[in-house]
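The block underneath contains the structure these notes are about, expressed in structure tokens.
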Amino acid sequence: MPVSETDYDASHMETLDRDLGRISNLELATSYVARPMVGYGVAFVFVVLAGLLAALLFGQTSSTFIVIIAAVFGAYMALNIGANDVANNMGPAVGANALTMGGAIAIAAVFESAGALIAGGDVVGTIAKGIIAPESMGSANVFVWAMMAALLSSALWVNLATWVGAPVSTTHSVVGGVMGAGIAAAGFAAVSWGTMGAIAASWVISPVLGGVIAAGFLWFIKSNIIYVEDKIAAARRWVPVLVGIMGGAFASYIALKGIKKLIKIDLLSALGAGLAVAVLIWLVMIPVIRRQSEGLENRNRSLKVLFGIPLIVSAALLSFAHGANDVANAVGPLAAIVQALGTGDFTDAVAIPYWVMVIGALGISFGLFLFGPKLIRMVGSQITKLNPMRAYCVALSAAITVIVASWLGLPVSSTHIAVGGVFGVGFFREWDYDRRMRRARGSLPARPEHGAEERRRRKLVRRSHFMTIVAAWIITVPAAALLSAVLFWGMVNIAG
């Protein structure tokens with residue numbers, strides 16, 4: 001039977017549609033595969049440019065090649081800090097939908113760089129906060145190789161942690177790298193075990209303190225705003241107070257940790273400044289919240305609007321303080337290498353040169369832009385579900401925990417505090433849900449769906465992520481130390 005022209009055209013169009021569909025799918029797959037390759041390409045170009053900058057500004061000496069390699073390692077570490085550590089500041093705001101991913105990355109890049117370049121670069125110890133006695137190294141060459149190994153090992157460890165989706169402390173990574181290289185170079189006696197004990201204690205103190213404070217504020221918000229009859233009236237009373245507390249806490253936090261290069265402020269003065277800022281913000285926010293709350297419905301969804309702007313501001317301030325403090329994790333060992341090779345002095349404190357600081361600041365921003373979204377999503381939405389009120393509690397706990405730790409003289413990790421705050425909010429929600437369900441059931445006979453299966457289904461913190469992150473925290477220092485020792489031996493053997 002002959003095929004009509006209409007049937008032929010329809011068949012031809014169907015075949016063409018299938019072919020176009022295959023081409024479209026191929027283009028989509030190619031785009032998906034190529035996207036990370038673009039990121040790696042940009043990162044590679046940045047690392048190369050960091051090496052060229054070092055060659056231009058250090059000068060032509062017999063040590064220039066080593067400085068170039070150290071600058072490459074420092075740039076690589078800065079990229080990894082941006083990819084991993086910055087997620088702790090931006091994750092809660094993104095998870096709560098107060099910020100888009102693009103907005104979070106833009107704000108973090110600006111404030112991280114500003115913190116690093118304006119307030120960063122404070123004088124750092126020759127060997128990462130007194131972990132190793134510098135004089136135990138014996139010579140400048142041994143010291144340089146130890147710092148090179150520490151820098152590369154910590155960068156590799158943070159890179160691995162980012163790949164598996166675990167937010168880890170870059171400070172602890174650097175400490176582990178320095179310790180491992182120091183032991184390989186000078187033996188176990190060179191390590192300040194008292195300092196290492198305090199750092200190990202911070203593995204527990206930081207997340208627990210952050211979690212307890214975040215859970216405490218969430219309990220307060222639920223008890224005084226969410227679970228009351230007139231939520232809007234309660235919000236008008238308490239939200240200005242809460243925003244004032246946040247403003248005061250961040251004023252003290254920035255004074256203590258964010259601008260210590262510009263001006264030295266003791267804890268009592270920082271707390272006094274924070275109290276003054278808190279009162280001022282409280283007074284300013286009373287009419288603002290009253291105006292924002294006009295016309296809002298008396299339900300929980302309406303309350304989220306009132307916490308949006310404070311949450312964005314807190315994320316920016318956390319980024320500024322992080323850039324001011326943690327940029328030294330990327331460039332502290334690099335600055336020590338530059339000083340040791342330039343002057344031969346490796347036992348005194350190290351002042352970070354401005355060009356080294358630029359490498360650190362830009363590296364953190366590029367790392368965040370290119371590779372940060374993975375960890376931002378992890379912290380913001382994959383551990384537990386966040387809304388603006390819960391994210392507010394996490395951000396506030398980060399500032400208050402640092403202040404409390406400074407008062408007690410305890411070393412803490414900003415990563416552990418922030419992620420601990422997320423865990424604290426999630427576990428509190430589980431406890432609160434179970435408590436309300438038991439109260440609602442009262443004396444009614446238990447039904448099968450109210451048993452273990454329902455409790456398992458209602459768990460609000462993903463246990464797989466919890467176990468992965470805790471395991472990564474525990475092994476960060478020993479893993480970085482072992483890797484650093486191996487790299488140190490390899491570098492010394494190759495150089496010798």
Cα-based Rg/(2.2 N^0.38 Å) for the range 177-234, rounded to two decimals, is 2.14
Return one whole number: the accessible area per residue of the chain in Å², for a 1.4 Å probe. 45 Å²
Per-residue ellipticity at 222 nm for the chain, helices alone: DSSP H runs ≥ 4 residues times -39500 (n - 2.57), over residue total, nearest 500 deg cm²/dmol? -26500 deg cm²/dmol
Can you report the principal axis dimensions of the range 139-205 using only the alpha carbons, biggest first, rounded to whole angstrom? 39, 25, 13
Filtering trypsin sites (Lys or Arg not before Pro) in the range 179-273 by DSSP loop and by at most 12 other Cβ atoms within 10 Å leaves LYS264
What FRET efficiency would be calculated for the residue pair TRP355, VAL110, taking the C-beta separation as r and a Förster radius of 30 Å, to the nearest 0.05? 0.90
Accessible surface of LEU160 - all protein chains present, 1.4 Å probe, nearest 10 Å²: 80 Å²
Cα pair count fraction exceeding 18 Å, expressed as % - the range 270-350: 67 percent
The range 340-410, Kirkwood Rh and Cα Rg, ratio Rg/Rh at 1.16
Placing +1 on the Cβ of each Lys and Arg and -1 on the Cβ of each Asp and Glu in the chain, which of ALA480, GLY182, ALA198 has its Cα farthest towards the positive end of the resulting dipole? ALA198
For the range 120-247, the convex hull over Cα atoms projects on average to an area in nm² of 11.3 nm²
What is the ratio of the Cα radius of gyration of the chain to 2.2 N^0.38 Å, where N is its residue count, to two decimals? 1.12
Taking the Cα centre of the chain as the origin and placing charges on Cβ (Lys, Arg +1; Asp, Glu -1), which of ILE232, ALA87, GLY372 is farthest toward the positive end of the dipole? ILE232
Output the DSSP H helices from the chain with an along-axis C-alpha extent of no less than 27 Å and a mean Kyte-Doolittle hydropathy no less than -0.5. 5-58, 64-84, 140-164, 193-221, 231-253, 267-292, 300-343, 388-408, 463-495
Return one quarter of the surface area of the convex hull spanned by the alpha-carbon atoms of the range 63-115, equal to its mean projected area, in nm². 4.2 nm²
For the chain, the dipole about the Cα centre with charges only on Cβ (Lys and Arg +1, Asp and Glu -1), to the nearest 20 debye, works out at 2080 debye
Report, as a whole number in µm² per second, the diffusion coefficient that Stokes-Einstein gives for the range 59-154 at 10 °C and 1.306 mPa s using the Kirkwood radius over alpha carbon pairs. 99 µm²/s
Furthest towards positive pole of dipole, VAL313, GLY344, SER302, structure part the range 292-349, Cβ charges: SER302
If a/c stays under 1.5 just call it rounded; otherwise compare a/b with b/c (prolate if a/b is bigger, oblate if not). Do that for the range 226-330, with a ≥ b ≥ c from the square roots of the Cα gyration tensor eigenvalues. prolate
Per DSSP, loop chymotrypsin sites (Phe, Trp or Tyr not before Pro) in the range 187-247 with at most 13 further Cβ within 10 Å: TYR227
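The values are calculated or read from the model by the stated rules, or taken from the named source; none is laboratory data. What you see is a predicted model; the values in this text were computed from it and never measured. Note that we place each Cβ from the backbone using ideal geometry, even for glycine, and neighbour counts take in every protein chain shown. When the accessible area is computed, the model is the full protein with side chains, heavy atoms only, and any ligands, DNA or RNA have been set aside. Shrake-Rupley method; radii C 1.70, N 1.55, O 1.52, S 1.80 Å.
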